[in-house]
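Step one of this worksheet: look at the structure below.
The values are calculated or read from the model by the stated rules, or taken from the named source; none is laboratory data. Quick caveat, the model's predicted, so the values are computed rather than measured. Cβ atoms come from the backbone with ideal geometry, glycine included; neighbour counts cover every protein chain shown.
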Amino acid sequence: MAMLGVITHTTTYKYAKPVTFGAHRAMFLPRRGSSARLLGWSARTSIGSKVHWVSDSRSNTVTVIDFSEPGSELTFTFQVRGVFFGIKGIEAFPLEARAEEVPVQYTPDEWSDLVGYLRPHAEDLDGSLAAWTKSFVAGDQDQTVDVLQRMLAAFRKFNYRARETEGTRTPGETLRMNSGTCRDYAWLMIEALRRLGFASRFVSGYLYDAALDGGEVGMTGSGATHAWLQVFLPGAGWMDYDPTNQINAGFDLIPVAVARHPGQAIPLEGSWFGDAKDYLGMSVNVTVNKVGEVADPSEG
């Protein structure tokens, strides 16, 4: 079965007095394809604006919003209604033999297509990232699925720390502090996997948490935009891995944007003009609610 769901993403910025706003760019529409079918969506702001849509070089949908008046409070409300299909695990998509051990053997055509996701992006001046990476392939521990699962499990020892400040920490900073957000964890795992020869990309999106629908304690990262990564494995394709919750299949992960690095997949960004001291802060609330089920045509 597939999930019929409604995603509501609200962000509010507050200021001590009216300020003016430059263009803002938002990424909130789930990527359409085998994992999602969108039935309707809307983008609204509390201040008068004009909205148009563009597609970037990675086929992410970007909402561009231009404002025509100032304000002391600016709220963005994005809503999506769609059918989301659960992503099956690797057991449903057997790896080709050349992908079963590290390093994965990509074909020349795959190398050409994936080079941007294979090349490390972050510096490792003190060697801490390299040392952490090598620990997952020490000795004869070179089975691809096992390496990925060991790396996921390693994040259980980290302390999740949500923060409102923008940006993503470097892998070295996350290792040194032994803590971070979902974006920090995803970026650390991506850069480690790239050093092992895996094509990996950053993913921003939403986390569906069935526990919240039942009023129970939910998974880490729900209630806000979420981040994880995808690894390209010949035979299986791009597979999701969420180091924050140590999951890699199911309805839980709804991708919105994919990127070579986190700076290319910011959920909402823009500019405002006024005194720096006038900024009072922001709040974000995301809900992903299941409203029904529909038959998955692939199971018919």
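Points to keep in mind about this one:
- Taking (1) surrounded by fewer than 18 Cβ atoms within 10 Å (Cβ to Cβ); (2) modelled with pLDDT under 95 in turn, residue 107 satisfies each apart from (2).
- Residue check for residue 173: farther than 28 Å from residue 93 by Cα and modelled with pLDDT of 95 or more: yes
- Within region 147-171, being under 14 Å from residue 190 (Cβ atoms) and not hydrophobic (A, V, I, L, M, F, W, C) holds for 168, 169, 170, 171.
- Helices (runs of 4 or more DSSP H) lying entirely in region 76-183 (those with 1 or more residues that are without any contact (Cβ under 8 Å) to a residue 40 or more places away in the chain and among the polar types (S, T, N, Q)): 108-118, 144-154, 171-177
A quick yes/no check of all residues on (1) in a loop (DSSP other than H, G, I, E, B); (2) in the same structural domain as residue 225 (by TED's automatic domain parsing); (3) under 17 Å from residue 255 (Cβ atoms); (4) more than 16 Å from the chain's Cα centre (by Cα):
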| site | (1), (2), (3), (4) |
| --- | --- |
| 30 | yes, no, yes, no |
| 33 | yes, no, yes, yes |
| 37 | no, no, yes, yes |
| 42 | no, no, no, yes |
| 53 | no, no, no, yes |
| 57 | yes, no, yes, yes |
| 65 | no, no, no, yes |
| 69 | yes, no, no, yes |
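- Residue check for residue 4: hydrophobic (A, V, I, L, M, F, W, C) and part of a loop (DSSP other than H, G, I, E, B): no
- Of the residues 134, 157, the single one that is more than 19 Å from residue 195 (Cα to Cα), over 17 Å from the mean Cα position of the chain (by Cα) and of a type outside the set (Ser, Thr, Tyr) is 157.
- Residue 27 being crowded, with 18+ Cβ neighbours inside 10 Å and modelled with pLDDT under 95: no
- Screening region 243-273 for residues that are assigned to a strand (DSSP E or B) and at pLDDT below 95 and picking the one that is surrounded by the fewest Cβ atoms within 10 Å (Cβ to Cβ) gives 250.
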